[in-house]
Amino acid sequence: MAKPFHDSAIWERIAFVAAVLILLSPFAALHLRPPVAPEPEESARFVGSKACAECHRSAYDKWLGSDHDRAMDVADETTVLGDFDNVVYTDPHTGAATRFYRRDGRYCVETEGPDGKPGRFEISHTFGVYPLQQYLIPFPGGRLQCLNIAWDVERKAWYRLPPYDVEGPSDWLHWTNGGQTWNAMCAECHSTRLRKGYDPESGVYDTTWAEIDVGCEACHGPGSKHVEWAGLPPLARKDTPNYALTVRTANLTAGEQAAICAPCHSRRFQLGDNRHVQEELLNLMIPQLLGEGMYYPDGQIQEEVYVYGSFVQSRMFARGVRCGDCHDVHGLKRHADGNDLCTRCHRAEVYDSPGHHFHKREHEGKPSEGHLCIQCHMPESTYMGIDRRADHSLRIPRPDLSAAQGTPNACSAEGCHGDKPLEWNVKAATKWYGEKRKPHYGTVIAAGRAEMPGAEAELVRLADDALSPAIVRATALELLRAYPSDASRAALARALEDEDALIRYTSIRSLEYFDAGTRLKRIAPKLYDPVAAVRMEAAALLSALPEEDLREADREAFRRGLEAYRRSMRYNADFAPQRYNLGNLAVNRGQDAEAEREYRKAIEIDSQFYPAKVNLAMLLNRRGDNAEAGRLLREVVTDNPDLHEVAYSLGLLLAEMGRYEEAEGHLGRAAAHMTENGRVQYNHAQVLLALNRPLEAGGALERALAADPRRDYFVALANVYLATGRPEKARELAMRTLERSPGDTAALELLRHLNR
């Protein structure tokens with residue numbers, strides 16, 4: 001019998017798995033690949049908020065004491081809110097005791113340390129002020145670590161922050177590890193002009209800031225030029241644009257103002273330090289799209305995604321409503337309370353009436369909030385255990401979408417009608433507002449996530465729809481990567497020329513799985529895009545092709561883009577996904593030793609980050625180290641039993657090593673879950689044949705042929721039937737094939753053989 005596997009074919013399949021894993025990673029939002037251009041020399045310096053107070057006393061007084069002002073501070077009598085009077089808190093999830101106490105005027109905590117044993121630590125800074133306050137503890141290497149027990153300001157009590165399933169001090173999410181490192185996870189949004197200062201070689205931070213909290217210059221930019229201008233006698237002041245301020249904040253459009261807020265109020269991938277200058281948003285960061293696990297299919301918030309991604313979906317944003325139209329930009333409070341805020345724009349007699357909201361101000365003799373606009377249009381979700389945050393997409397409640405997609409809706413929310421069956425809420429909404437419902441992009445995104453065969457045309461339509469929010473269109477483009485066809489290629493080509501940078505950027509990423517010729521033709525011109533993220537992504541994607549395939553005139557732009565990409569990945573190299581991306585880049589450039597180093601560093605940072613293990617296994621296999629490659633893949637399938645693609649890859653590797661019994665277990669598991677993948681069924685059959693189990697192999701080949709009627713599957717199944725003395729089954733196979741494909745040469749040849 002012929003050897004059932006060929007060494008040259010195995011890792012073509014695991015390469016496919018690695019590509020899929022990039023999409024499945026929980027860090028998808030962070031796997032974006034853009035870098036930032038070399039930082040220009042700043043012509044203005046940061047001078048601090050106190051320099052603004054003399055002339056702008058009203059704005060300064062509003063800011064003083066606000067959440068921005070108290071975003072971070074040195075821990076002392078005036079800033080610490082928690083009870084450090086020798087109080088012991090017992091974690092209800094682990095039973096571990098933590099003691100908060102004071103020593104020599106300093107704030108201290110006794111809790112589980114990095115070695116899993118109780119340790120004593122000194123609090124250096126407070127972090128946040130409402131509804132909770134966290135505390136920062138200095139660690140070696142310039143790190144500040146966020147304690148996982150915080151102070152509940154309203155209840156005046158200690159409580160444990162999620163996640164609760166942290167598996168000891170080795171877990172990346174343990175409070176002493178990278179998932180809770182202030183320098184990487186939190187700092188850039190709680191201080192002004194923060195420089196992370198991470199050294200990828202030593203792993204040491206030298207983090208600095210211009211101002212410890214979110215000061216005036218966080219939004220207005222460095223103010224030294226303005227202060228100099230304002231210090232001159234009025235008649236000596238030149239007619240200077242924007243009064244010599246770095247960032248223009250007056251007369252902004254909704255998009256321009258949101259771009260000032262977005263670097264902090266968004267789930268994003270940061271390309272580099274925030275310089276607080278006025279520029280295209282994608283020169284600094286990449287917003288998270290409406291990805292699975294982050295947002296529900298209809299765009300409602302799911303994970304902690306903050307505000308920007310939901311607000312830019314809203315009709316308010318599309319109509320020009322700005323953040324500052326609802327929130328005071330200095331004190332951060334809303335301009336009015338209750339429905340009075342909304343009726344500043346919307347007519348109260350129409351919208352603040354029972355004829356619109358159908359709710360009374362009292363229910364069963366008690367005050368009710370059902371009539372409040374935000375109850376229906378801005379439902380809240382809880383993050384960090386106690387922090388209620390409103391969805392800013394300002395959507396109309398759609399219980400009918402909940403029935404179809406399992407999405408939440410304001411009617412069924414806790415505190416509203418969550419005690420009623422969903423059908424009750426659907427009927428009530430239908431009674432009030434009628435049967436007719438507008439189509440919603442959530443239906444299209446849900447179908448695209450499920451990779452339903454009929455979803456492609458609707459995804460193309462949504463991606464092309466100029467009236468849909470850009471973040472929605474970009475999400476449709478990302479989902480089109482699962483549909484490599486002429487129609488999707490055409491849609492991606494159109495998106496490359498879109499005026500919105502996020503759409504251009506996403507279209508490049510979605511071309512990753514297309515053939516080299518398409519990528520080269522479509523992406524090379526984007527090396528000259530005016531937006532940094534687009535240029536960098538273009539260079540990163542082209543790095544998988546030989547540089548000589550590029551026009552000579554484009555090679556310098558390619559090198560510049562690639563270097564910018566590399567700088568951005570190194571800026572974020574304290575995260576496993578960015579080390580992984582650096583490893584992938586090294587593979588593309590033929591630098592296997594460098595790739596191995598980066599993959600191993602990613603695993604060292606986060607041992608649960610499985611894409612790095614899979615790609616390292618690929619690398620090791622290429623150089624013949626199958627033993628360690630197998631060990632890495634076993635770790636992945638043990639820790640992630642639902643990753644059937646990795647089980648498939650492990651089975652292929654074991655088969656290549658001649659360990660067919662072990663291989664069959666993993667391939668069988670993969671085949672049971674990947675029933676529509678003919679290649680998985682076929683390879684499972686090959687191992688079954690190697691184990692002399694031809695009847696089971698025949699069943700696997702039948703499933704392979706049903707999923708994908710390929711000639712080699714047909715031939716293999718016919719041979720099994722003939723070898724096991726079942727010519728009638730072979731004849732039936734040939735006749736069935738000819739019914740589907742008249743003139744099929746393999747089926748005709750089989751019949752001729754049987755007739756002889």
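The values are calculated or read from the model by the stated rules, or taken from the named source; none is laboratory data. These numbers come from a predicted model, not from an experiment. As a convention, Cβ positions derive from the backbone with ideal geometry for all residues, glycine included, and neighbour counts pool all protein chains shown.
Would you confirm whether or not the stretch 133-148 contains a residue that is surrounded by fewer than 15 Cβ atoms within 10 Å (Cβ to Cβ) and part of a loop (DSSP other than H, G, I, E, B)?
No, the stretch 133-148 contains no residue that is surrounded by fewer than 15 Cβ atoms within 10 Å (Cβ to Cβ) and part of a loop (DSSP other than H, G, I, E, B).
Has the stretch 633-646 got any residue that is within 21 Å of LEU541 (Cα to Cα) and either modelled with pLDDT of 95 or more or part of a helix (DSSP H, G or I) (or both)? If you could, list the steps in order and put the result at the bottom.
Our first condition is that a residue be within 21 Å of LEU541 (Cα to Cα); within the stretch 633-646, this holds for none.
No, the stretch 633-646 contains no residue that is within 21 Å of LEU541 (Cα to Cα) and either modelled with pLDDT of 95 or more or part of a helix (DSSP H, G or I) (or both).
Kindly establish whether ASP400 is in a helix (DSSP H, G or I) and modelled with pLDDT of 95 or more.
Working: in a helix (DSSP H, G or I): yes; modelled with pLDDT of 95 or more: no.
So ASP400 does not fit the description; no.
Condition check ((1) at pLDDT below 95; (2) charged (D, E, K, R); (3) touching a helix residue (DSSP H, G or I) at 6+ places or on another chain (Cβ under 7 Å)) across all residues:
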{"residue": "VAL20", "(1), (2), (3)": "yes, no, yes"}
{"residue": "LEU23", "(1), (2), (3)": "yes, no, no"}
{"residue": "PRO34", "(1), (2), (3)": "yes, no, yes"}
{"residue": "GLU42", "(1), (2), (3)": "yes, yes, no"}
{"residue": "ARG45", "(1), (2), (3)": "no, yes, yes"}
{"residue": "LYS62", "(1), (2), (3)": "no, yes, no"}
{"residue": "ALA75", "(1), (2), (3)": "no, no, no"}
{"residue": "VAL80", "(1), (2), (3)": "no, no, no"}
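On the basis of being in contact (Cβ under 8 Å) with a residue 24 or more places away in the chain and either within 30 Å of THR111 (Cβ to Cβ) or not charged (D, E, K, R) (or both), does THR240 make the cut? Give the derivation first.
Working: in contact (Cβ under 8 Å) with a residue 24 or more places away in the chain: no; either within 30 Å of THR111 (Cβ to Cβ) or not charged (D, E, K, R) (or both): yes.
Taking the combined requirement at face value, the residue does not satisfy it.
Scan ARG711, ARG693 and give me the residue that is in contact with an Asp or Glu (Cβ under 9 Å, 6 or more places away or on another chain) and under 30 Å from ALA627 (Cβ atoms).
Numbers: ARG711 fails: under 30 Å from ALA627 (Cβ atoms).
None of the other options fit; the residue is ARG693.
Pick from the stretch 94-107 the residues that are under 35 Å from the mean Cα position of the chain (by Cα) and in a strand (DSSP E or B): which of them is nearest to ILE137 (Cα to Cα)? Reasoning before the result, please.
Let us first name the residues in the stretch 94-107 that are under 35 Å from the mean Cα position of the chain (by Cα), namely 94-98.
In the following step, the residues that additionally are in a strand (DSSP E or B) were identified as 97-98.
Details: ALA97: 18, THR98: 14 Å.
Across the stretch 94-107, the extreme among qualifying residues is THR98.
Could you list, in sequence order, the residues of the stretch 539-548 that are surrounded by 24 or more Cβ atoms within 10 Å (Cβ to Cβ) and over 20 Å from the mean Cα position of the chain (by Cα)?
Selection gives ALA539, LEU542.
Could you tell me whether PHE311 is surrounded by 19 or more Cβ atoms within 10 Å (Cβ to Cβ), of a type in the set (Phe, Trp, Tyr), in contact with a Leu (Cβ under 9 Å, 6 or more places away or on another chain) and under 24 Å from LEU132 (Cβ atoms)?
Numbers: surrounded by 19 or more Cβ atoms within 10 Å (Cβ to Cβ): yes; of a type in the set (Phe, Trp, Tyr): yes; in contact with a Leu (Cβ under 9 Å, 6 or more places away or on another chain): yes; under 24 Å from LEU132 (Cβ atoms): yes.
For PHE311, the condition - surrounded by 19 or more Cβ atoms within 10 Å (Cβ to Cβ), of a type in the set (Phe, Trp, Tyr), in contact with a Leu (Cβ under 9 Å, 6 or more places away or on another chain) and under 24 Å from LEU132 (Cβ atoms) - is met.
Name the helices (runs of 4 or more DSSP H) wholly inside the stretch 303-369 in which the number of residues that are among the basic types (Lys, Arg) and in contact with a Lys or Arg (Cβ under 7 Å, 6 or more places away or on another chain) is 3 or more.
Working: elements: 308-311, 315-318, 339-342, 348-351, 354-357.
Ranges flagged: none.
Which residue out of ALA470, ALA495 is outside the structural domain of VAL307 (by TED's automatic domain parsing) and either within 21 Å of TYR513 (Cα to Cα) or free of Cβ contacts under 8 Å to residues at least 12 places away in the same chain (or both)? Full working, then the answer.
On the way: ALA470 fails: either within 21 Å of TYR513 (Cα to Cα) or free of Cβ contacts under 8 Å to residues at least 12 places away in the same chain (or both).
One residue alone meets the criteria, ALA495.
Anything in the stretch 278-297 that is acidic (Asp, Glu) and modelled with pLDDT under 95? List them, or say none.
Correct list: GLU279 only.
Mind checking which helices (runs of 4 or more DSSP H) fall wholly inside the stretch 494-586 and carry at least 3 residues that are closer than 22 Å to ALA602 by Cβ, modelled with pLDDT of 95 or more and among the charged types (D, E, K, R)?
On the way: elements: 501-510, 516-523, 532-542, 555-571.
Fully inside the stretch 494-586 and qualifying: 555-571.
So in the stretch 685-731, with the set limited to residues that are of a type outside the set (S, T, N, Q) and touching a residue at least 40 places away in the same chain (Cβ under 8 Å), which one is surrounded by the most Cβ atoms within 10 Å (Cβ to Cβ)? Steps first, please.
The initial filter retains those residues of the stretch 685-731 that are of a type outside the set (S, T, N, Q), namely 685, 687-691, 693-718, 720-723, 725-731.
Narrowing the set further to residues that are touching a residue at least 40 places away in the same chain (Cβ under 8 Å) leaves 687, 689-690.
Working: VAL687: 29, LEU689: 23, ALA690: 19.
Taking the candidates together, the pick is VAL687.
Quick test for you: out of ALA446, ALA390, pick the one residue that is modelled with pLDDT of 90 or more, more than 30 Å from ILE149 (Cβ to Cβ) and among the small types (Gly, Ala, Ser).
ALA446
What residue, of THR208, THR181, is out of contact with any Ser or Thr (no Cβ under 7 Å at 6 or more places or on another chain), among the β-branched types (Val, Ile, Thr) and surrounded by 19 or more Cβ atoms within 10 Å (Cβ to Cβ)?
Working: THR208 fails: surrounded by 19 or more Cβ atoms within 10 Å (Cβ to Cβ).
Just one listed residue meets the conditions, THR181.
Could you list, in sequence order, the residues of the stretch 95-129 that are touching a residue at least 24 places away in the same chain (Cβ under 8 Å) and acidic (Asp, Glu)?
GLU112, ASP115
Pick from ARG248, ARG275: which is in contact (Cβ under 8 Å) with a residue 24 or more places away in the chain, under 23 Å from THR207 (Cα atoms), of a type outside the set (S, T, N, Q) and assigned to a loop (DSSP other than H, G, I, E, B)? Lay out the reasoning, then the answer.
Working: ARG248 fails: under 23 Å from THR207 (Cα atoms).
When all the criteria are applied, what remains is ARG275.
I'm told CYS326 meets every condition in (1) surrounded by 13 or more Cβ atoms within 10 Å (Cβ to Cβ); (2) without any contact (Cβ under 8 Å) to a residue 60 or more places away in the chain; (3) more than 29 Å from GLY215 (Cβ to Cβ); (4) hydrophobic (A, V, I, L, M, F, W, C) except one. Can you identify the failing condition by its number?
So CYS326 meets the others, but not (3).
Count, please, the residues in the stretch 420-443 that happen to be outside any helix (DSSP H, G or I), farther than 27 Å from GLU478 by Cα and modelled with pLDDT of 90 or more. Walk me through it before giving the result.
Residues of the stretch 420-443 outside any helix (DSSP H, G or I): 420-421, 434-440.
Filter once more, so that each one left must be farther than 27 Å from GLU478 by Cα: 420-421, 434-436.
Filter once more, keeping what is modelled with pLDDT of 90 or more: 420-421.
Qualifying residue count for the region: 2.
Take the residues in the stretch 732-750 that are out of contact with any Leu (no Cβ under 9 Å at 6 or more places or on another chain) and touching a residue at least 24 places away in the same chain (Cβ under 8 Å), then tell me which one is surrounded by the fewest Cβ atoms within 10 Å (Cβ to Cβ).
Step one: filter the stretch 732-750 for residues out of contact with any Leu (no Cβ under 9 Å at 6 or more places or on another chain), giving 732, 736, 739-743, 745-746, 749.
Adding the requirement that they be touching a residue at least 24 places away in the same chain (Cβ under 8 Å) leaves 740-741, 746.
Details: ARG740: 9, SER741: 13, ALA746: 15.
The selected residue is ARG740.
Could you say which residue among GLN591, GLN578 is surrounded by fewer than 20 Cβ atoms within 10 Å (Cβ to Cβ) and either polar (S, T, N, Q) or touching a strand residue (DSSP E or B) at 6+ places or on another chain (Cβ under 6 Å) (or both)? Break it down into steps so the answer makes sense when it comes.
Values: GLN578 fails: surrounded by fewer than 20 Cβ atoms within 10 Å (Cβ to Cβ).
GLN591 is the lone residue from the list that is surrounded by fewer than 20 Cβ atoms within 10 Å (Cβ to Cβ) and either polar (S, T, N, Q) or touching a strand residue (DSSP E or B) at 6+ places or on another chain (Cβ under 6 Å) (or both).
Checking the conditions here, which among ALA476, ALA466 is in a helix (DSSP H, G or I) and hydrophobic (A, V, I, L, M, F, W, C)? Reasoning before the result, please.
Details: ALA466 fails: in a helix (DSSP H, G or I).
Only one candidate passes the filter, namely ALA476.
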